[in-house]
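Quick notes on the structure that follows.
What follows draws every value from the coordinates through simple rules; no lab data is involved. Everything quoted here is computed from the prediction, not taken from an experiment. Cβ sites come from the backbone with ideal geometry, for glycine too, and all protein chains shown count toward neighbours.
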Amino acid sequence: MPLCFIEPEQAIRVVAESVGREARRQLLGGVVHAWVDEIPDDELENHYAQAIEDLDDDDLSMLAAWHASLDVGRPVATKEFLVGAFASLGEHRREALKIAAGFRGDEAFDAGMGEEQALDTVLPWLSAERTMALASEAVELYCWDRLGSEN
């Protein structure tokens, strides 16, 4: 079956609908990471606060443990501490947001939030170059999924 798409965004959507659960989860994770990379620096803290707002205690503990690995002080697994410590992460702020957004995305995915809704939320914010790179990754995931992964 030939794969022909007019827009990279549509390629990502078609692949998301065509692959198994694990490949879909990976694709959505890649989309979220790309979105974080596109956020202007001055908006990172606001998005981080939003990302951790609905995290459960287990996710907050894992995020605090990640903070501890960076030696930014003695972490506390609370939203207040994590938001307050965000600025001290320096060059690691985007990585912290990717982790928090990933936890939130996993929870939404497990709760039944559709991939389509997640893609509708994130894809419009991505640059054309980033969308093209994601479309390429999506096709690779499609091949990985169809060529016999344990999915």
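Would you please calculate the Kirkwood hydrodynamic radius of the chain over all C-alpha pairs and express it in Å, rounded to one decimal?
Mean inverse Cα-Cα distance, inverted, gives 16.4 Å.
For every helix of n ≥ 4 consecutive DSSP H residues, a contribution of -39,500 (n - 2.57) applies; sum these over the chain, divide by its total residues, and give [θ] at 222 nm rounded to the nearest 500 deg cm²/dmol.
-22000 deg cm²/dmol
Using θ = phi - 60° and the Karplus form 6.51 cos²θ - 1.76 cosθ + 1.60, what ³J(HN,Hα) does each residue of region 127-138 get, whole Hz, x for Gly and Pro?
Per residue, the Karplus-derived 3J(HN,Hα) values read 5, 4, 5, 5, 5, 5, 5, 5, 4, 4, 4, 5 Hz.
Once the Cα atoms of helix 57-69 and of the chain are each reduced to a long axis, what angle between those two axes, in degrees from 0 to 90 to the nearest 10, is obtained?
Its long axis makes an angle of about 70 degrees.
So, counting K/R as plus one and D/E as minus one, what does the shell of residues with Cβ under 11 Å around Met132 add up to?
Overall, the nearby charge balance is -3.
Going toward the positive end of the dipole of the chain, with +1 on Lys and Arg Cβ and -1 on Asp and Glu Cβ, which of Val14, Trp144, Asn46 do you reach last?
Trp144
List Ile6, Ile12, Ile39, Ile52 from most exposed to least, where exposure is judged by having the fewest other Cβ atoms within 10 Å.
Ascending number of Cβ neighbours within 10 Å: Ile6, Ile39, Ile52, Ile12.
Angle check, please: helix 44-53 long axis (alpha carbons) against the longest principal axis of the chain (alpha carbons), in degrees 0 to 90, nearest 10.
Tilt of helix 44-53: around 90 degrees.
Using Cα atoms only, what is the angle between the long axis of helix 8-18 and the major principal axis of the chain, expressed in degrees (0 to 90) to the nearest 10?
The helix 8-18 is inclined about 80 degrees to the chain.
Give the peptides 22-35, 116-129 in descending order of average Cβ contacts within 10 Å, highest first.
Ranked from most to least packed, the peptides come out as 22-35, 116-129.
With each pseudo-label sitting 7 Å past Cα toward Cβ, what's the Thr78-Ser18 distance in nm, one decimal?
5.0
Counting only other residues whose beta carbon sits under 15 Å from that of Leu119, what net charge do I get with K and R as +1, D and E as -1?
The answer is -4.
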